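To start, the structure under review is shown below, and the notes come after it.
The values are calculated or read from the model by the stated rules, or taken from the named source; none is laboratory data. Everything quoted here is computed from the prediction, not taken from an experiment. In case anyone asks, the SASA skips ligands and DNA or RNA and just uses the protein heavy atoms, side chains included. Shrake-Rupley method; radii C 1.70, N 1.55, O 1.52, S 1.80 Å.
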Amino acid sequence: MLRVEIDGKQIFITDSVLNIFYEFRQPDKRQGERGGVLLGQVTEDEHRILVSRASIPGNQDKASRFSFYRDRKMAQQIVEYEFHNSDGKNTYLGEWHTHPTNKASPSSQDVSMIADQLSNNHMKVGFILLFVLARENFFNCYSRLCHKNLT
Ligand SMILES: [Zn+2]
């Protein structure tokens with residue numbers, strides 16, 4: 001379990017999610033970006049967030065070296081499946097994807113994706129998480145605030 005604190009929020013990431021991150025982060029520069037959705041649980045005050053599920057890349061995802069477009073229909077199915085199979089406890093928290101670099105930082109597209117998700121506002125929680133994974137580090141963004149983790 002990894003714990004990250006951003007802006008007074010405690011974000012806990014389970015080992016099974018970390019294992020998916022380690023497995024899919026790009027070992028080879030020629031491989032495209034990969035990613036998925038994040039699910040888990042949140043306390044009512046949204047101060048403690050448990051990231052307990054990460055979907056793995058799907059066949060319908062369009063991967064290229066510098067961009068990742070998630071298959072929205074498949075992602076929605078995963079979110080609904082998890083929600084029903086956890087008695088409504090596991091909810092959509094955000095996204096993860098890889099960058100084909102040694103060191104990662106959120107791109108301008110990542111920043112605008114966060115802004116889009118927050119303004120579209122069809123989320124059950126008032127924030128979005130984004131994990132950007134590179135080979136040597138990863139960033140964990142809580143809404144617009146990002147925190148660098150060395151792993
Ligand atoms: Zn990115």
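Ignoring aspartates and glutamates fewer than eight residues from Lys103 along the same chain, the ones with Cα atoms less than 12 angstrom from its Cα are Glu136. For the set Tyr22, Tyr142, solvent exposure ranked by accessible area (probe 1.4 Å, protein chains only) runs largest to smallest as Tyr22, Tyr142. Between Leu129 and Gly94, Glu95, Ser143, the built amide H atoms are under 5 Å apart, and every one of these is 5 or more places off in sequence or on another chain. Quick one: accessible surface of Leu150, probe radius 1.4 Å, all protein chains present, in square angstrom to the nearest 10. Around 140 Å² of this residue is reachable by solvent.
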